[in-house]
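This report concerns only the one structure given below.
The values are calculated or read from the model by the stated rules, or taken from the named source; none is laboratory data. These numbers were taken from a predicted model, which means no experiment stands behind them. So basically every Cβ, Gly included, is an ideal-geometry build from the backbone, and we count neighbours across all protein chains shown.
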Amino acid sequence: MKMAEILKNRQLQIAVMALAFLLVFVPYFIEVPALEAASTKLITITAIVNAVTLILALQSQVRRGLNIVQRRQTGWYFKAYMIITMVLMVVFAFFGRETGPYHWVMYAVVNPLSSVNYGILAFYMASTAARAFRARNTQAILLLTTGFIVLLYQAPLTGAYAPWLEPIALYFGDTFGMAAGRMFLISVTVGAIVFGVRVLMGKETSVLGVGKEEV
């Protein structure tokens, strides 16, 4: 049997995944120096692989961008701007994140673009929310009223002209908002645990890139 066929074996992949899971999971509950050392090495290897993956993704993005620029396809100047910015950030990062050029790119280019992006998305989110949450019943009216109060509280002029909104908005955030956030966190955690168990049992093979998951 060829090595490639062995590495593609489903049982072997699941066994390796289960072993890696145990090496990282068990040291949190059982204090074994050998297991802790193996867990630390495995986490370090994973971090290095992730870093190499980012480098490959950067290289692939630059190659694709250069191809679009050379062919003068639609929007090629945006790709050229992206490549120049990426190269500058990489070069400046080698000299340290505390240097002047790195800070200049971050605060004069990246941060303003991020603010503009969020500002544009805010209009789409507001229009979508206005269409989705129409006050057709009592629950929708309460939801819209709460959202309106919280949004007004975030506005800079609210503290000067409507200071009475602050305790109401804080109450909504510390009670209903926190409860909803915890419910969401618990749901995501339970879902992740179930997904991990299904992967270890071999019923969720999509992460291995072979076959379809079993019910």
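Of all residues in the stretch 164-186, count the ones that are surrounded by 11 or more Cβ atoms within 10 Å (Cβ to Cβ), under 14 Å from Tyr153 (Cα atoms) and free of Cβ contacts under 8 Å to residues at least 24 places away in the same chain.
Pass one, the stretch 164-186, residues surrounded by 11 or more Cβ atoms within 10 Å (Cβ to Cβ): 165-166, 168-173, 176-178, 181.
Add one more test, that the residue is under 14 Å from Tyr153 (Cα atoms), and what stays is 165-166, 168-173.
Right, trim to free of Cβ contacts under 8 Å to residues at least 24 places away in the same chain and you get 165-166, 168-171, 173.
Count: 7.
Looking at the stretch 74-89, is at least one residue hydrophobic (A, V, I, L, M, F, W, C), surrounded by 12 or more Cβ atoms within 10 Å (Cβ to Cβ) and within 30 Å of Gly196 (Cα to Cα)?
No; the residues of the stretch 74-89 include none that is hydrophobic (A, V, I, L, M, F, W, C), surrounded by 12 or more Cβ atoms within 10 Å (Cβ to Cβ) and within 30 Å of Gly196 (Cα to Cα).
For the stretch 135-175, name all the residues that are at pLDDT 80 or above and in a loop (DSSP other than H, G, I, E, B).
Pro163, Trp164
Going residue by residue through the stretch 40-54, is there one that turns out to be surrounded by 10 or more Cβ atoms within 10 Å (Cβ to Cβ), farther than 30 Å from Val90 by Cα and of a type in the set (S, T, N, Q)?
Scanning the stretch 40-54 turns up no residue that is surrounded by 10 or more Cβ atoms within 10 Å (Cβ to Cβ), farther than 30 Å from Val90 by Cα and of a type in the set (S, T, N, Q).
Return yes or no: is Met106 over 30 Å from Phe21 (Cβ atoms), in the same structural domain as Ala18 (by TED's automatic domain parsing) and part of a helix (DSSP H, G or I)? Break it down into steps so the answer makes sense when it comes.
Numbers: over 30 Å from Phe21 (Cβ atoms): yes; in the same structural domain as Ala18 (by TED's automatic domain parsing): no; part of a helix (DSSP H, G or I): yes.
So Met106 fails the test.
Across the stretch 145-200, which residue is nearest to Ala122 (Cα to Cα) among those that are more than 25 Å from the chain's Cα centre (by Cα) and hydroxyl-bearing (Ser, Thr, Tyr)?
Tyr153
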